[in-house]
Every structure is written in C-alpha cells, then in structure tokens.
Amino acid sequence: MIHIICVAYKRVIPLRILIDSFLNQTDPRWRLYIIHDGPAPDDVRAVTNQYNDQRIRFEESEQRNGYWGHPNRRKMLEKLVFNRTDYLLMTNDDNYYVPRFVEMMLSRTKNGLDKTGMVYCDTVHNYSNYDVLKTKMKTGSVDMGSFITRVDIAKKIGFKYVVVEADGKFAEECAMYCRKYKLEVKYIPKALFIHN
C-alpha cells in the first residue's frame, strides 16, 4: 500500500489531473490524502467532491501555512495510520503519475516482505526543460514525488523542514536511515512521474 500525502493550493485543473492519474493506476493499492494549504476556494472543494472513491480524502488547514506546504506535510505524516509494510509518497497538486507508477514501485518492495526501505524513479521535470531528471538521493537531484519510503521510516525521521530544499533533505535522511539499518534503496531507471 502507498499512502500519498498531496499538498494543494488553489489549482483546480492540476489537482483534477493528479487525482485522475491515481484513479487510472493499474494497481489499486493506494490512498490519497489531499490537504489544501489554508481554506480551500469553492472550485477546489467542487473538484474533490466530484470523486466518490473511499481511497481519496480531502481536508484543509485552518490558515495558510506557506513554506511550500511543508508544515501541512508534517501534520499529515504525524496523524497517518499505517501497517508496517506500507509506503509513503509525498507529492503536490501539480504532479502527474504514469498508470503503472504504483504497480512498478510496489513491485520493487516485494509487498513489504523483504528489506526495502525506499524505491525511487526518474522524473520528467520542468526545471530541466521537461527533460528527464536522473534522480539521486541528494539535494538538487530529487523531487519529493519521485520516491516512496516505508511509513515507519518517514515517521521516525519526521518531516521537520520549512526550506525549499526539503525534497532533497528528506530523501537524504531516509536513504541514510536505510543504509544505517541495512535496508535496501532501489532505483527504477524510468521516468514514472511528471513534475509540472
């Protein structure tokens, strides 16, 4: 199972595309938790209300927290209920995933039966002129939406960042934890998600 924490902010069309990208997954083992940064406008609420799928949950913070939505990521991670073999993906409302993303990422975990701590893939990224960003688990070479990590690892590390480089810092800490405890970090050399 992949628990997806998605930060949203006033972007109706990208949010709809993100949700549809998960509804079109070949593997149904996902849960999407969308948190809007501050009170959501009516058009955003209208989009989320259109979906009648128990795997999709929507909430909004009482006030705008800013900092690229990172305080909302922390809040959602802290209250996430999970099983030991579950994984976490953090993303934004302007990211899109290929239909086999969940299937391919979970296939590398062997359904949690092995010692896989993280799985990551490449990204089609707007920062590189919509070219493929070869992902590495270090600041400047990873986007938050390009890796999954076990939820128990993410909770132990915690999401304490309020800087633009949070993607890399969180990825680095998760990878270091995995190495320290002899958990595998697996790489899929394919662009499975698009950062817009």
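Provide Asp27, Asp20, Asp93, Asp37 in ascending order of the number of other Cβ atoms located within 10 Å of each residue's Cβ, fewest first.
Ascending Cβ contact count within 10 Å gives the list Asp20, Asp27, Asp37, Asp93.
Taking the Cβ of each residue in Ile157, Ile148 as the centre, tally the other Cβ atoms inside 10 Å and list the residues starting with the fewest.
Neighbour counts put them in this order, fewest first: Ile157, Ile148.
Can you tell me the relative contact order of the chain? Whole percent, Cα pairs under 8 Å, sequence separation 6 or more.
Computed value for the chain: 26 percent relative contact order.
Taking a ≥ b ≥ c as the square roots of the eigenvalues of the Cα gyration tensor of the chain, is the shape rounded (a/c under 1.5), prolate (a/b larger than b/c) or oblate?
Since a/c stays below 1.5, the shape of the chain is classed as rounded.
Distance between Cα centroids, segment 24-66 to segment 126-193: provide it in whole Å.
What the calculation gives is 23 Å, centre to centre.
In the structure shown, do any of Lys79/Lys110; Lys115/Lys180; Lys138/Lys186; Lys79/Lys180 have a Cα-Cα gap over 23 Å, and if so which?
Checking Cα-Cα distances, Lys79/Lys110; Lys79/Lys180 exceed 23 Å.
Loop-only trypsin sites (Lys or Arg not before Pro) in segment 120-196, please: DSSP not H, G, I, E or B, and at most 14 other Cβ atoms within 10 Å.
Answer in residue order: Lys134, Lys138, Lys160, Lys182.
Which percent, nearest 5, of DSSP beta bridges in segment 2-195 are antiparallel?
So the antiparallel bridges in segment 2-195 amount to around 30 percent.
In nm, to one decimal, how far is the modelled label at Gln54 from the one at Arg29, with both set 7 Å along Cα→Cβ?
1.8
Hey, rough spin-label estimate for Asp43 and Asn129, points 7 angstrom out along Cα→Cβ, what's it come to in nanometres?
A separation of 3.2 nm, rounded to one decimal place.
7 Å from Cα along Cα→Cβ at both Glu62 and Lys138: what's the point-to-point distance in nm?
4.2
Enter the per residue convex hull volume of segment 144-196, computed from alpha-carbon coordinates, in Å³ rounded to the nearest integer.
In segment 144-196, the Cα hull volume divided by residue count equals 89 Å³.
Within segment 1-37, report the trypsin sites (Lys or Arg not before Pro) that DSSP leaves as loop and that have at most 15 other Cβ atoms within 10 Å.
Lys10, Arg29
Let me have the 222 nm mean residue ellipticity of the chain computed from DSSP H runs of 4+ only, each contributing -39500 (n - 2.57), with the sum over all residues rounded to the nearest 500.
Counting only the DSSP helices, I get -9000 deg cm²/dmol.
Out of the chymotrypsin sites (Phe, Trp or Tyr not before Pro) in segment 123-177, which ones are loop residues according to DSSP with at most 12 other C-beta atoms within 10 Å?
Passing sites in segment 123-177 are Tyr130.
Quick note: the coordinates plus some simple rules give every number you see, no bench work behind them. Every value quoted in this text rests on a predicted model; they were computed, and no experiment measured them. With ideal geometry, Cβ positions are generated from the backbone for all residues, glycine too; neighbour counts draw on all protein chains shown.
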